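> Would you mind keeping the following structure in view while I ask a few things?
The values are calculated or read from the model by the stated rules, or taken from the named source; none is laboratory data. No experiment lies behind these values; they were computed from the predicted model shown. Because the Cβ atoms are built from the backbone with ideal geometry, glycine has one as well, and the counts that use them run over all protein chains shown.
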Amino acid sequence: MTNRSMSRLKWIRNGRFYRLSEEGTRFQKKVVVITGASSGIGRASALEFATQGARVVLAARRRNKLLELEEQIRNIGGEAISVITDVKKISDCERLVNEALEAFGQIDVLVNSAGISMRATFEDLELEVIRELMDTNFYGTVYCIKFALPHLLKQKGTVIGISSITGLAPLPGRTGYVASKHAMDGFLNTLRLENIDKGLNVMVVHPGFTSSEIRGKALDANGLPQGESPRDEERMMSSERVAWYIARATYRRERDLVLTAQGKMVVWLHKNFPGITDRILVYGISKENQKQMKANAVA
Ligand SMILES: NC(=O)c1ccc[n+]([C@@H]2O[C@H](COP(=O)([O-])OP(=O)(O)OC[C@H]3O[C@@H](n4cnc5c(N)ncnc54)[C@H](OP(=O)(O)O)[C@@H]3O)[C@@H](O)[C@H]2O)c1
């Protein structure tokens with residue numbers, strides 16, 4: 001994107017016109033690779049980084065969603081390419097990094113947002129569900145970082161893992177999900193130490209409940225998508241808002257980000273009053289189950 005075309009542009013964000021300011025050029029000349037870019041937080045992050053001047057590499061499995069987003073970014077004067085990627089496959093993650101380098105010659109930021117969730121107690125769960133969660137959320141992150149790391153180090157760039165409040169606290173009905181997010185946190189926090197003197201920033205993002213496709217796609221006890229969100233998506237933080245916080249924290253080279261007032265409260269309570277917090281979390285999820293049982297009865 002040229003300086004001239006950038007200065008002429010006004011961007012449409014969250015339904016409002018937004019004049020390009022310093023924020024609009026923060027990531028100029030930077031290349032940002034984003035997994036999970038076809039939906040939710042990953043998609044919104046791609047738009048946010050592009051809006052702030054970055055060239056973006058979009059990765060996910062759904063080609064049509066990526067191409068739609070690519071076009072949307074081009075229409076606002078940005079640069080984007082799509083790489084169809086299944087993060088569970090090592091060879092796909094290697095190809096993603098190679099195609100990003102071929103197109104743009106460098107990688108400054110890697111956002112690992114590809115992820116899936118689940119909803120079933122461990123007692124009822126097919127073991128395969130846990131494997132699927134770990135393969136996508138944890139190993140998908142590990143594979144992409146492995147191939148991107150030398151290039152990120154060269155740029156003194158940033159690795160971002162989209163973890164969750166459940167990377168810091170438990171949640172009933174999500175054993176595999178919580179385990180995958182704790183694994184991500186441990187991996188990323190250790191990666192930070194190994195590269196502490198090499199100029200690499202490692203940022204772990206812990207979003208609270210965020211409106212997206214994640215709950216509709218969450219796997220049930222048999223590994224099938226549950227279909228509908230059991231929570232009120234309207235009352236959650238939007239993916240666009242989360243993406244704005246992520247871009248700002250990336251620019252400031254922050255080490256972690258905990259989002260939503262409720263999310264911050266859960267982390268604090270779990271650290272200071274774990275016994276009481278266990279009860280609160282169990283009660284919260286029992287309300288969610290009741291809501292879904294009522295909805296099923298109506299349907
Ligand atoms: N929404 C929340 O409340 C919330 C809260 C905390 C943390 N998070 C985390 O935020 C991240 C993004 O979730 P979201 O809420 O934005 O959910 P989402 O709307 O369902 O998006 C998930 C993204 O991951 C991609 N994905 C899933 N499996 C993949 C695979 N094997 N290979 C490549 N891409 C894959 C999906 O794309 P394709 O299906 O096209 O491949 C999609 O783009 C996840 O890691 C999630 O755990 C979400």
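> When both residues are 6+ apart or on different chains and their Cβ atoms are under 6 Å apart, which pairs have a first residue that lies in region 141-158 and is within 19 Å of G115 (Cα to Cα), and a second that is charged (D, E, K, R)?
Hits for this filter: F147/E94.
> Something else: Let me spell it out: the conditions are (1) over 19 Å from the mean Cα position of the chain (by Cα); (2) in a helix (DSSP H, G or I), and N137 meets all of them except one. Which number is the exception?
(1)
> Residue by residue through region 185-222, note down the ones that are more than 13 Å from the ligand (Cβ to nearest atom), assigned to a loop (DSSP other than H, G, I, E, B), surrounded by 16 or more Cβ atoms within 10 Å (Cβ to Cβ) and in contact (Cβ under 8 Å) with a residue 60 or more places away in the chain.
The answer is D220, A221.
> In this structure, does G77 turn out to be within 21 Å of L47 (Cα to Cα) and modelled with pLDDT of 95 or more?
No: the conditions fail for G77.
> Moving on to the next point. Given the conditions (1) surrounded by fewer than 18 Cβ atoms within 10 Å (Cβ to Cβ); (2) closer than 27 Å to K264 by Cβ, report the number of the one that A103 does not fulfil.
Answer for A103: the failing condition is (2).
> Can you pull out every residue in region 47-91 that is hydrophobic (A, V, I, L, M, F, W, C) and outside any strand (DSSP E or B)?
Hits for region 47-91 are L47, F49, A50, A54, L66, L67, L69, I73, I76, V87, I90.
> Ok, one more. Given H182, H206, H151, which one is closer than 17 Å to C93 by Cα and of a type outside the set (G, A, S)?
When all the criteria are applied, what remains is H151.
> How about region 150-169: which of its residues are near the ligand (Cβ under 10 Å from one of its atoms) and in contact with a strand residue (DSSP E or B) (Cβ under 8 Å, 6 or more places away or on another chain)?
Within region 150-169, G161, I162, S163, S164, I165, G167 meet the criteria.
> Based on what the data block shows, is W268 touching a helix residue (DSSP H, G or I) at 6+ places or on another chain (Cβ under 7 Å), part of a helix (DSSP H, G or I), closer than 30 Å to T158 by Cβ and among the aromatic types (F, W, Y)?
The answer is no for W268.
> Name the pairs whose Cβ atoms lie under 8 Å apart, with the first residue in region 72-87 and among the basic types (K, R), the second within 15 Å of the ligand (Cβ to nearest atom) and in a strand (DSSP E or B), and 6 or more positions between them or separate chains?
From residues that are among the basic types (K, R), the pairs are R74/A80.
> Could you look through region 124-143, keep only residues that are hydrophobic (A, V, I, L, M, F, W, C) and touching a Ser or Thr at 6+ places or on another chain (Cβ under 6 Å), and pick out the one that is surrounded by the most Cβ atoms within 10 Å (Cβ to Cβ)?
L133
> Considering each of F138, F122, F147 in turn, give the residue that is away from the ligand (no atom under 16 Å from the Cβ) and in contact with a helix residue (DSSP H, G or I) (Cβ under 6 Å, 6 or more places away or on another chain).
F122
> Still on this structure, I have one more. Taking E240 as meeting all but one of (1) in a helix (DSSP H, G or I); (2) away from the ligand (no atom under 13 Å from the Cβ); (3) in contact (Cβ under 8 Å) with a residue 12 or more places away in the chain; (4) over 28 Å from L127 (Cα atoms), write down the number of the exception.
Status for E240: all satisfied but (2).
> Now, a different point. For T166, indicate whether it is in a helix (DSSP H, G or I), within 16 Å of the chain's Cα centre (by Cα) and over 24 Å from S91 (Cβ atoms).
yes
> What is the one condition in (1) surrounded by 15 or more Cβ atoms within 10 Å (Cβ to Cβ); (2) within 30 Å of E288 (Cβ to Cβ) that T121 does not satisfy?
It fails just one condition, (1).
> Can I ask one more? Taking region 94-108 on its own, how many of its residues are under 19 Å from the mean Cα position of the chain (by Cα) and either away from the ligand (no atom under 16 Å from the Cβ) or farther than 16 Å from S82 by Cα (or both)?
The total comes to 2.
> Restricting to region 58-92, give me the number of residues that are more than 9 Å from the ligand (Cβ to nearest atom) and touching a Phe, Trp or Tyr at 6+ places or on another chain (Cβ under 7 Å).
Looking only at that region, the number is 2.
> Which members of region 110-129 meet the condition of being touching a strand residue (DSSP E or B) at 6+ places or on another chain (Cβ under 8 Å) and assigned to a helix (DSSP H, G or I)?
V129
> Please find, among K10, K88, K30, the residue that is at pLDDT below 95 and either basic (K, R) or in contact with a strand residue (DSSP E or B) (Cβ under 6 Å, 6 or more places away or on another chain) (or both).
K10
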